[in-house]
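The values are calculated or read from the model by the stated rules, or taken from the named source; none is laboratory data. Note that the structure is predicted; figures quoted are calculated from it, not measured. Backbone-built Cβ (ideal geometry, glycine too); neighbour counts: all protein chains shown. Only protein heavy atoms, including side chains, enter the accessible area calculation; ligands, DNA and RNA are left aside. Shrake-Rupley method; radii C 1.70, N 1.55, O 1.52, S 1.80 Å.
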Amino acid sequence: MFILTVEGKETEGAYSVAADDGEQVLYLFEDEDDAIRYALLLEEQDDCPEMHVIEVDGKVVIKTCELHDYRYSVITKNDIVIPPIENDSV
């Protein structure tokens with residue numbers, strides 16, 4: 001599986017998305033190409049830094065998330081996800 005981090009800050013944590021209820025959700029991509037595509041979409045946003053795709057052991061990450069009660073979502077090859085659009089004027 002693959003996660004996203006900020007380039008140069010890989011040891012500081014992974015990229016996550018705010019759910020509708022405000023809680024953070026870690027995206028775990030099954031396919032590296034999907035992770036790369038998502039990272040490129042993120043980078044197109046004005047205030048987003050360059051992202052880095054890292055391969056991880058999915059079982060370990062899922063177990064860690066469950067142990068710390070952190071939400072995650074496995075993004076399969078059949079899923080379509082796009083980055084949230086940050087709009088401060090709304």
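Open to solvent by 20 Å² or more (accessible area, probe 1.4 Å) and within 25 Å of residue 66 (Cα to Cα): does that describe residue 43?
Working: open to solvent by 20 Å² or more (accessible area, probe 1.4 Å): yes; within 25 Å of residue 66 (Cα to Cα): no.
Considered against the rule, which asks whether it is open to solvent by 20 Å² or more (accessible area, probe 1.4 Å) and within 25 Å of residue 66 (Cα to Cα), residue 43 comes out as no.
When the residues of segment 1-16 are narrowed to those that are farther than 12 Å from residue 52 by Cα and crowded, with 17+ Cβ neighbours inside 10 Å, which ends up farthest from the chain's Cα centre (by Cα)?
Of segment 1-16, the ones farther than 12 Å from residue 52 by Cα are 1, 12, 16.
Within this subset, residues satisfying the condition of being crowded, with 17+ Cβ neighbours inside 10 Å are 1, 16.
Numbers: 1: 11, 16: 5 Å.
My answer is 1.
Test residue 33 against the stated conditions and say whether it is open to solvent by 70 Å² or more (accessible area, probe 1.4 Å), in a helix (DSSP H, G or I) and within 19 Å of residue 74 (Cβ to Cβ).
yes
Quick check: anything in segment 53-76 among the acidic types (Asp, Glu), under 16 Å from residue 5 (Cα atoms), in contact (Cβ under 8 Å) with a residue 40 or more places away in the chain and out of contact with any strand residue (DSSP E or B) (no Cβ under 9 Å at 6 or more places or on another chain)? Spell out the reasoning first.
In the first step, residues of segment 53-76 are kept if they are among the acidic types (Asp, Glu); the result is 55, 57, 66, 69.
If we keep only those that are under 16 Å from residue 5 (Cα atoms) too, we end up with 55, 57.
Of the ones still in play, those that are also in contact (Cβ under 8 Å) with a residue 40 or more places away in the chain are 55, 57.
Restricting the remaining residues to those that are out of contact with any strand residue (DSSP E or B) (no Cβ under 9 Å at 6 or more places or on another chain) gives 57.
Among the residues of segment 53-76, at least one is among the acidic types (Asp, Glu), under 16 Å from residue 5 (Cα atoms), in contact (Cβ under 8 Å) with a residue 40 or more places away in the chain and out of contact with any strand residue (DSSP E or B) (no Cβ under 9 Å at 6 or more places or on another chain), which makes the answer yes.
Would you mention how many residues in segment 48-72 are within 13 Å of residue 27 (Cα to Cα), assigned to a loop (DSSP other than H, G, I, E, B) and either open to solvent by less than 90 Å² (accessible area, probe 1.4 Å) or touching a Lys or Arg at 6+ places or on another chain (Cβ under 9 Å) (or both)?
Taking segment 48-72 and keeping what is within 13 Å of residue 27 (Cα to Cα), we get 53-56, 58, 61-62, 65, 70-72.
Adding the requirement that they be assigned to a loop (DSSP other than H, G, I, E, B) leaves 56, 70.
Cutting the leftovers down to either open to solvent by less than 90 Å² (accessible area, probe 1.4 Å) or touching a Lys or Arg at 6+ places or on another chain (Cβ under 9 Å) (or both) gives us 56.
Within segment 48-72, residues that are within 13 Å of residue 27 (Cα to Cα), assigned to a loop (DSSP other than H, G, I, E, B) and either open to solvent by less than 90 Å² (accessible area, probe 1.4 Å) or touching a Lys or Arg at 6+ places or on another chain (Cβ under 9 Å) (or both) number 1.
Condition first: open to solvent by 90 Å² or more (accessible area, probe 1.4 Å) and under 16 Å from residue 18 (Cβ atoms). Now tell me which residues in segment 73-90 satisfy that.
Here is the first cut: in segment 73-90, the ones open to solvent by 90 Å² or more (accessible area, probe 1.4 Å) are 77-78, 80, 82, 85-86, 88-90.
The answer is 82, 85, 86, 88, 90.
Of all residues in segment 58-90 being touching a Leu at 6+ places or on another chain (Cβ under 7 Å), among the hydrophobic types (A, V, I, L, M, F, W, C) and within 26 Å of residue 46 (Cα to Cα), which is modelled with the highest pLDDT?
75
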